[in-house]
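The values are calculated or read from the model by the stated rules, or taken from the named source; none is laboratory data. Note that this is a predicted model, so its numbers are computed, not measured. Glycine also receives a Cβ, built like all others from the backbone with ideal geometry; neighbour counts cover every protein chain displayed. These area figures cover heavy atoms from the full protein model, side chains too; ligands, DNA and RNA do not enter into them. Shrake-Rupley method; radii C 1.70, N 1.55, O 1.52, S 1.80 Å.
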Amino acid sequence: AGTGVRHVLKHRHARNRASMKNQATIDLFMYWNRLRGERPAPARTDIEPADIRRHLADTFILERDARGESVFRLAGTRVCSLYGRELKNFSFSSLFGSHDLTLTKRLVKACYDEKIICVIGFEGRSAAGRSNSFETILLPLQGNSESARLFGAIIPCDKPYWLGSDIILDNSITTVKVVDPEKELVFLNNRPSVSVASLAPSADSLVSAQDVFQTGAAIGSPPGAKRVRHLTVITGGLENP
């Protein structure tokens, strides 16, 4: 990790003890690592929506805007439903409280500039005062300073009945893990094997990532289908009731 990140974590060392807890986080990390091969990071165009269809609604892509702020370029339907709004063009750091702002911005900057991987655990508090634990992973993508992007996901550690209807208003970071891909793979290789989808092109992959992120319809859904919470709604009806 970069000097700036090490400095912050040195004074908040209790936060640097978490590894990847959720299977979805591990799946996406393994997928990213497989795509990059010998490179520091894969290209954005390497990511095929069909390959990660199970987790697609939990994923997002960040990019730097003209101010140097890291904003959502695309966000999956489950991520948007957590916060009750379309997240496109919203700042990633705006999801967290002011006490975590400096740490969040430094971690994101290190992911862009130094191609590090970061796993953040946080507690989300809802409008009704409920709370739930989440895990987010930030994975760098190839690009220069003008086109730097990150691929990531927000995964709930538990899925209570109210999630998606009682919106999350505030997030507070509880753990931070800066990941060395090579060392983490040694650890993960001692866990039960993780199934990673085939990277072979399919008809499903002809659906653009932007269409899937924006409509939330499952890949392979009929034309006109859209996602409403956990349901896929198909336009039309019975001609003869």
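Observations on the structure shown:
- Protection-proxy order for peptides 156-165, 31-40, each taking the mean of Cβ atoms within 10 Å per residue, highest first: 31-40, 156-165
- Solvent-accessible area of region 30-99 (1.4 angstrom probe, protein heavy atoms only): carbon and sulfur portion equals 48 percent.
- For Q142, residues with placed amide H under 5 Å, excluding near neighbours: A43, R44
- Trypsin sites (Lys or Arg not before Pro) within region 64-100, DSSP loop, no more than 13 other Cβ atoms inside 10 Å: R67, R85
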